[in-house]
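One structure below.
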Amino acid sequence: MKNKLITLLAVFVFAFSFVALVGCTTEAEVTGMPPLAPADHNDGRFDQGAVMCYSCHGNGPNGNPNDAEARMLPEDHYVDASYDSKEIFPARAQCNTCHLLTPSE
Ligand code: HEC
Ligand code: HEC
């Protein structure tokens, strides 16, 4: 009987640690790390604000992204979480609070 109890407890602890582990993984995926902007962005782009960033990375007249070589903005950066809004969600407007420049060598 005592043995059974110990086994049960061990199984419970094991199962619980697994749940904790899965919890961590999910959180990391949701939070994410903003990628650094490449060092070549240190040419005044950061002084001109989101409109400048948007002209290459945003959904514009030339397509999405407007500059074919730039990385597309994630859809969660847009109002209504939709590319079609063509407007940056206010909390994402200060690009450089999250996307720092890659330090130049
Ligand atoms: C003249 C066009 C242009 C402008 C303006 C521009 N970018 Fe970029 N950006 C690029 C290109 C091209 C790349 C390189 C493509 C790549 O490797 O992702 C890039 C890459 C990036 C990356 C890396 C993406 C990744 O997943 O590694 C970030 C972050 C970024 N830019 C942020 C910004 C921010 C913030 C601004 C405004 C301050 C900005 N960019 C303005 C063209 C531009
Ligand atoms: C509140 C923080 C925050 C702000 C502000 C923000 N971003 Fe991001 N950005 C992130 C995070 C986190 C990621 C990576 C995870 C994701 O996909 O959302 C990301 C991803 C990106 C990527 C890479 C997409 C890819 O596929 O690699 C680009 C480009 C980018 N952001 C540009 C911008 C620009 C331009 C602005 C300003 C208009 C901006 N971001 C504002 C947090 C932010």
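The values are calculated or read from the model by the stated rules, or taken from the named source; none is laboratory data. What you see is a predicted model, and the numbers here were worked out from it, not measured in a lab. All Cβ positions, glycine included, derive from the backbone under ideal geometry; neighbour counts span all protein chains shown.
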(message) For region 45-66: of the residues being more than 9 Å from ligand 1 (Cβ to nearest atom) and farther than 15 Å from Ala93 by Cβ, which is surrounded by the fewest Cβ atoms within 10 Å (Cβ to Cβ)?
(response) Pro61
(message) Show the residue pairs meeting these rules: Cβ distance below 6 Å; 6+ apart or different chains; first residue within region 40-61 and closer than 21 Å to Glu87 by Cβ; second residue more than 10 Å from ligand 2 (Cβ to nearest atom) and modelled with pLDDT under 90.
(response) none
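Name every residue in region 73-88 that is more than 9 Å from ligand 2 (Cβ to nearest atom) and in a loop (DSSP other than H, G, I, E, B), in order of residue number.
Hits for region 73-88 are Ser82, Lys86, Glu87.
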(request) Of all residues in region 39-72, count the ones that are at pLDDT 95 or above and part of a loop (DSSP other than H, G, I, E, B). (result) 13
